[in-house]
Amino acid sequence: LVDSGVTAAVVEDALHRGGGENLESLALFDIYEGEQVGEGKKSLAFRMTFRADRTLKTEEVNALRDAAVAAAGREHAAVLRGA
């Protein structure tokens with residue numbers, strides 16, 4: 001969730017940097033603006049795929065996702081919707 005003036009491209013760049021070397025792919029699949037997210041806000045939904053040379057545990061993937069979102073938060077005040 002970001003301010004409506006923030007572009008998806010800059011959020012995507014921040015997610016890439018925050019996701020680290022295990023972030024294999026990142027794709028924007030939805031943009032929503034409306035009552036459910038509040039005035040002046042928009043929801044950007046990204047699909048992130050993480051890969052390593054071994055099977056990643058759920059906790060590891062969650063930590064990688066959280067690091068990516070934290071980078072977007074620092075740079076663009078993004079927050080994980082519903083968090």
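The values are calculated or read from the model by the stated rules, or taken from the named source; none is laboratory data. Note that the structure is a prediction, hence the values are computed from the model and not measured. Don't worry about glycine lacking a Cβ; one is built from the backbone with ideal geometry, like all the others, and counts go over all protein chains shown. Accessible surface areas use protein heavy atoms only, side chains included; no ligands, DNA or RNA. Shrake-Rupley method; radii C 1.70, N 1.55, O 1.52, S 1.80 Å.
Quick look at the numbers
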item	result
Nearest-20 debye value, the chain charge dipole, Cβ charges on Lys, Arg, Asp, Glu	160
Accessible carbon and sulfur surface of the chain relative to its total accessible area, %, 1.4 Å	48
Choice from 20, 73, 40 with maximal GNM fluctuation in the chain (Cα, 10 Å cutoff)	40
Calculated P(r) tail over 14 Å for the chain, as whole % of Cα pairs	61
Trypsin sites (Lys or Arg not before Pro) restricted to DSSP loop in segment 30-83 with at most 16 other C-beta within 10 Å	51, 54, 57, 81
Top of 28, 56, 15 by mean-square fluctuation, Gaussian network on the chain, Cα under 10 Å	56
Top positive-direction residue, dipole computed over the chain with Cβ charges, set 64, 46, 36	64
Longest site-free stretch - the chain; sites: GluC sites (Glu not before Pro), DSSP loop, at most 14 other Cβ within 10 Å	40-83
The chain: angle of helix 58-76 to the longest principal axis, Cα-based, in degrees nearest 10	40
